[in-house]
1. Just name the residue that is nearest to the chain's Cα centre (by Cα) out of those in region 78-89 that are farther than 13 Å from Thr13 by Cβ and in a strand (DSSP E or B).
2. Find all pairs meeting these conditions: Cβ atoms under 8 angstrom apart; at least six residues apart or on different chains; first residue within region 46-57 and under 13 Å from Thr69 (Cβ atoms); second residue among the hydroxyl-bearing types (Ser, Thr, Tyr) and part of a loop (DSSP other than H, G, I, E, B).
3. Find the residue count for region 32-52, including only residues that are part of a strand (DSSP E or B) and open to solvent by 50 Å² or more (accessible area, probe 1.4 Å).
4. Assuming Cys10 fulfils every condition listed in (1) in a loop (DSSP other than H, G, I, E, B); (2) surrounded by 15 or more Cβ atoms within 10 Å (Cβ to Cβ) apart from one, which condition is it?
5. Restricted to region 13-28, and to residues that are open to solvent by 30 Å² or more (accessible area, probe 1.4 Å) and not hydrophobic (A, V, I, L, M, F, W, C), which residue is farthest from Leu95 (Cα to Cα)?
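The values are calculated or read from the model by the stated rules, or taken from the named source; none is laboratory data. Everything quoted here is computed from the prediction, not taken from an experiment. Here the Cβ positions follow ideal geometry from the backbone for every residue, glycine too, while neighbour counts run over all protein chains shown. Surface areas here come from the heavy atoms of the whole protein model, side chains and all, with no ligands, DNA or RNA. Shrake-Rupley method; radii C 1.70, N 1.55, O 1.52, S 1.80 Å.
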Amino acid sequence: NASGELLAACAGTAVLVANALGEPKGKPPVLCRGPGVPEAEGGAGTCPRLSRLAWCPSKDHAMLLAAATSHGGVLLFDASVADGAFPRRCMPLLLQEIVPPSASPGPQLD
């Protein structure tokens, strides 16, 4: 992230966020996942598949990250807002599907 304190890895349906210097005792990493239920054995289930992530470049919002879905959507997470489970779980603040503008049909050629 912008402060250099956190690392994140994106794979399958989740983003795992951990302290770059190792977790303090008793503080597990954060698992960020979109809405839905994952399948056993690593299947996607109803969770969106994530393809890449980006941290917010502002140090004022260093805990915010965006993850792109394989269907063109974006999930926005605040890694500072997580439950007390192991690993801590973080739900998206926003799920936005990005729909490309419809292409206007060109002239028909005969």
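1. So, considering only residues that are farther than 13 Å from Thr13 by Cβ and in a strand (DSSP E or B), the one nearest to the chain's Cα centre (by Cα) is Asp78.
2. Correct list of pairs: Cys47/Thr13; Pro48/Thr13; Pro48/Ser70; Arg49/Thr13; Arg49/Ser70; Leu50/Thr13; Leu50/Ser70; Ser51/Ser70.
3. Adding up the residues that qualify gives 3.
4. Condition (1) is where Cys10 drops out.
5. Lys25
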